[in-house]
Structure formats: C-alpha cells, structure tokens
1. Give me the helices (runs of 4 or more DSSP H) completely within the range 80-197, filtered to those with at least 2 residues that are under 19 Å from ALA217 (Cβ atoms) and not aromatic (Phe, Trp, Tyr), ordered by residue number.
2. Can you list residue pairs whose Cβ atoms sit under 6 Å apart, with the first residue in the range 33-45 being in a strand (DSSP E or B) and the second being hydroxyl-bearing (Ser, Thr, Tyr)? Count only pairs 6 or more apart in sequence or on different chains.
3. Do the conditions hold for TYR175, that is, is it modelled with pLDDT of 95 or more, hydroxyl-bearing (Ser, Thr, Tyr), over 18 Å from ASP38 (Cβ atoms) and crowded, with 18+ Cβ neighbours inside 10 Å?
4. Would you check which residues across the range 47-73 are open to solvent by 10 Å² or more (accessible area, probe 1.4 Å) and part of a helix (DSSP H, G or I) and list them?
5. Condition test on PRO18, is it more than 30 Å from ILE178 (Cβ to Cβ), open to solvent by 10 Å² or more (accessible area, probe 1.4 Å), not in a helix (DSSP H, G or I) and not hydrophobic (A, V, I, L, M, F, W, C)?
6. Only residues that are touching a Gly at 6+ places or on another chain (Cβ under 9 Å), open to solvent by less than 30 Å² (accessible area, probe 1.4 Å) and farther than 9 Å from LYS162 by Cα: list them for the range 197-220, please.
7. Do any residues in the range 144-164 that are under 17 Å from GLN125 (Cβ atoms) and polar (S, T, N, Q) have Cβ atoms under 6 Å from those of residues that are open to solvent by 20 Å² or more (accessible area, probe 1.4 Å) and not in a strand (DSSP E or B), where the two are at least six apart or on different chains, and which pairs are they?
Amino acid sequence: MTPSATPAAFIKTFPVGPLQCNCTIIGDPVSGEAIVVDPGGSPERIMSVLNEASLRVTRIIHTHAHFDHFLAAGQIHEQTGAPLCLHQADKPLWQHLEMQCSRFGVPFEPVPEPQHWLEHEEPLQAGSVTGQALFTPGHTPGSMSFWFEDNNLLIAGDTLFKGAIGRTDLWGGDYPTIERSIQSQLYTLNESAKVITGHGPSTVLGDEMRHNPYVRALPK
C-alpha cells in the first residue's frame with residue numbers, strides 16, 4: 001500500500017438474536033470509529049467483534065423498529081454511550097417493543113428512547129468511511145436503508161432480500177409503498193453493489209433489479 005492509499009474499511013456482517021437478524025459493523029481502522037447497524041441481539045458477540053478490531057462505536061443505526069433489529073441496542077448503548085438512531089416514523093413501533101417481544105415470546109431488554117431521528121439523505125460517517133441514510137418505507141413506516149457508495153455496499157434491512165422483499169402484512173406495512181421505495185431509491189444505485197439484507201444471504205443489486213419476482217426495476 002502506498003502512503004497515500006486509504007486503508008480498506010472494516011466491514012463485518014453476522015446473524016444475531018433469536019430471529020438471526022444481520023448485524024453489520026462498518027468502521028475506519030485508522031480513526032477507530034465505527035457504526036453498528038441493527039444490533040438485534042447477542043450484545044456480547046457484537047462487543048467482542050468491536051474490541052477485537054479495536055473499534056469504538058460512534059452511532060447505532062437501525063433500519064427499522066421491529067424488535068428483532070433492536071434487542072441488543074440498549075446494552076450496546078449502555079456500554080458505549082453511542083446514540084441510538086432511527087427514523088421518527090417508526091417511533092410508534094419503538095414505543096411498543098415490549099409488546100412485540102411478548103407476542104413472539106422473547107424476553108424484553110429495556111431500550112432508551114432514540115437520541116437521534118434519521119432523515120432521508122442524511123450523511124453517515126465513521127472516520128473516513130462515509131455513507132448516506134435513505135428513507136425506504138413500506139416494510140414499516142420509517143424503514144431506512146444505508147448506502148456506502150465508496151464501498152459499493154447497500155444495507156437494505158428488511159426492505160429487500162435475495163429473491164424477495166420485506167413483509168407488508170405487519171403493522172404499518174404497505175406493498176405499493178415498499179415497491180416505490182425499492183424502485184426509486186434502491187434500484188437507482190450501482191447495479192454491482194453488494195446488498196446486505198435484514199436476514200439471510202446477501203445479494204447483488206443488479207440481480208434483484210432483473211430477477212426479483214416481487215419488484216423489478218422500471219424500464220429505462
């Protein structure tokens with residue numbers, strides 16, 4: 001590596017919690033700053049990954065406020081002091097996290113109120129790693145996706161899956177809305193981008209644009 005070259009970002013995704021939500025840590029090895037996306041459980045493992053990589057959390061961001069994407073948020077916040085971030089349209093879901101857990105028979109871990117409400121096209125930064133929050137409602141009223149252009153990486157949460165899309169039969173879900181979000185916000189990004197989904201395997205954006213059986217890209 002030449003002295004002027006930028007070190008590669010640290011990016012690690014792994015399933016956590018009872019519903020195996022994909023948690024992603026993306027950080028800058030030089031500054032040591034990192035963002036945690038969707039800490040849906042297993043706080044010890046999340047902290048272990050951070051500590052092993054010598055990273056400190058500056059933000060905890062959530063694609064949406066279903067309990068399985070939030071279960072470890074309170075503990076990670078307590079241990080790091082990093083603010084919890086969510087789109088305000090999902091505040092009613094966040095306020096009913098305990099009820100969500102009860103319905104699924106999952107122990108509830110207290111979570112403080114989000115300290116920051118994410119906005120559409122809001123910049124995201126951890127040291128030299130930069131990204132952007134995208135408002136992609138439909139799975140929930142406040143669903144967000146996170147686009148890291150320099151890393152050609154899209155974190156889509158439960159909006160887009162490999163060969164599928166997020167459920168719209170849950171509270172606040174709406175099929176026309178999620179279809180519009182995917183076509184107007186996600187399918188306009190780089191086709192070669194890696195897509196980290198909310199659960200299960202990652203995919204390539206162009207593959208979903210051409211072959212996803214639920215939402216295809218609009219003709220150019």
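The values are calculated or read from the model by the stated rules, or taken from the named source; none is laboratory data. As the structure is a prediction and not an experimental result, all values here were calculated from the model. Quick reminder, even Gly has a Cβ in these numbers, built from the backbone with ideal geometry, and neighbours come from all protein chains shown. In case anyone asks, the SASA skips ligands and DNA or RNA and just uses the protein heavy atoms, side chains included. Shrake-Rupley method; radii C 1.70, N 1.55, O 1.52, S 1.80 Å.
1. 175-181
2. Pairs that qualify, where the first residue is in a strand (DSSP E or B) and the partner is hydroxyl-bearing (Ser, Thr, Tyr), are GLU33/THR58; VAL37/THR24.
3. On the way: modelled with pLDDT of 95 or more: yes; hydroxyl-bearing (Ser, Thr, Tyr): yes; over 18 Å from ASP38 (Cβ atoms): yes; crowded, with 18+ Cβ neighbours inside 10 Å: no.
No; evaluated as a whole, the condition is false for this residue.
4. We begin by selecting, within the range 47-73, every residue open to solvent by 10 Å² or more (accessible area, probe 1.4 Å); these are 47-49, 51-59, 66, 68, 71.
Within the range 47-73, MET47, SER48, VAL49, ASN51, GLU52, ASP68 qualify.
5. Working: more than 30 Å from ILE178 (Cβ to Cβ): no; open to solvent by 10 Å² or more (accessible area, probe 1.4 Å): yes; not in a helix (DSSP H, G or I): yes; not hydrophobic (A, V, I, L, M, F, W, C): yes.
Against the criterion (more than 30 Å from ILE178 (Cβ to Cβ), open to solvent by 10 Å² or more (accessible area, probe 1.4 Å), not in a helix (DSSP H, G or I) and not hydrophobic (A, V, I, L, M, F, W, C)), PRO18 does not qualify.
6. Selection gives GLY198 alone.
7. ASN151/ALA9
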